[in-house]
Amino acid sequence: MSSLPTPTFSGLTPSEGMARSRFTISGSGFGATQGLGTVYFGSAFASIDSWSDTSISAYVPDGVPSGKDTVSVNGASGAAAGGSSFDVMDLASALPRTGWVATASDASSGDAPGNMLDGDSGTRYSSGTGQYNGLWIQVDMGQTQTFDKIVLDVGGSTGDYARSADVYVSTDGTDWTKVSSVTDGQRVELVSFPTQTARYIKVVNTGDVASNWWSIAEFNVYN
């Protein structure tokens, strides 16, 4: 192990995010495989998504409080590589979802669209089919609302997130305006955009991942 190069931490992307969101560390000498390597988020261990000699992807631990914390790395030999600051975001309270209605282009018989609005991360909406370009979910908030963020959380279905998607809003459910795109999706996807006032939100999957359904345990909207 002593023959391994000294690991060096050179960058962190992004430098802010939510609990359970993914971040990527760049550098050198981490080791081709994880070995004794560890990523710390403050004093907590971060779950590893992927590991290579120059790049590590990991997840913000669940339940960490908002505010700044330090992400640090030990390389495959166990040697310290350094670290950087990460800001855990506080989104405050989501908009109340009373009376909201969810629909979808495709849904499995046991995982209805309404499950993404029920406040229970143990239930989910699932497409019942592999992800394809044009698969969509839609939420009718019952009346116009003002908002600038949505969060799509797959809960325990960790592989069933949209890899890419477009987000649209509408006041009447007929005429739609595209407000944002997701190009590198993840398990807990925060989508931010300029403030909108609308009644309907539609998310259209733009990827093709036949091996995975699209699942959403919770769909929340923020202002």
Exercise. Can you figure out the FRET efficiency of Ser47 with Thr197, using R₀ = 35 Å and their beta-carbon distance, to the nearest 0.05?
Key: 0.40
Practice problem: For an R0 of 45 angstrom, estimate the FRET efficiency from the Cβ-Cβ distance between Thr144 and Leu36 and round to the nearest 0.05. | Solution: 0.25
Practice problem: Would you mind working out the accessible area per residue for the range 1-142, using a 1.4 Å probe, and quoting it in Å²? | Solution: 47
Quiz item: Taking every pair of alpha-carbon atoms in the range 101-223, what share in percent sits in each 10 Å bin, from 0 to the bin with the longest distance?
Solution: 15, 50, 32, 3
Practice problem: Express in whole angstrom the spacing between the alpha-carbon centres of the range 79-136 and the range 149-223. | Solution: 8
Quiz item: Got a number for carbon plus sulfur as a percent of the range 15-152's accessible area, 1.4 Å probe?
Solution: 46
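So for the chain, averaging the separation of alpha carbon pairs under 8 Å that are six or more residues apart and normalising by length, what relative contact order in percent results?
19
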Quiz item: Looking only at the range 65-82, which residues have a backbone nitrogen under 19 Å from a spot 7 Å from the Cα of Ser15 in the C-beta direction?
Solution: 66-73, 82
Quiz item: About its Cα centre, how strong a charge dipole does the chain have in debye, to the nearest 20, once Lys and Arg get +1 and Asp and Glu get -1 at the Cβ?
Solution: 220
Practice problem: Could you work out the relative contact order of the range 140-186, using alpha carbon pairs under 8 angstrom and six or more residues apart, expressed as a whole percent? | Solution: 32
Exercise. Pull up all non-local amide H partners of Leu12: gap of 5 or more, or a different chain, and H-to-H distance under 5 Å with H placed in the peptide plane.
Key: Ser26
Quiz item: Near the amide H of Ala217, under 5 Å away, which other amide H atoms are found, from residues 5 or more places off or on another chain, if H is placed in the peptide plane?
Solution: Tyr125, Asp153, Val154, Gly155
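What does the highest-first list of 183-192, 6-15 look like by mean Cβ count within 10 Å?
Ranking, from highest mean packing down: 183-192, 6-15.
Go through 196-202, 127-133 and give me the packing order, highest mean Cβ count within 10 Å leading.
196-202, 127-133
The values are calculated or read from the model by the stated rules, or taken from the named source; none is laboratory data. Predicted model only: the values in this text are computed from it and were never measured. Positions of Cβ are backbone-derived with ideal geometry, glycine not excepted, and every protein chain shown enters the neighbour counts. We work out accessible area using only protein heavy atoms, side chains counted, and drop any ligands, DNA or RNA first. Shrake-Rupley method; radii C 1.70, N 1.55, O 1.52, S 1.80 Å.
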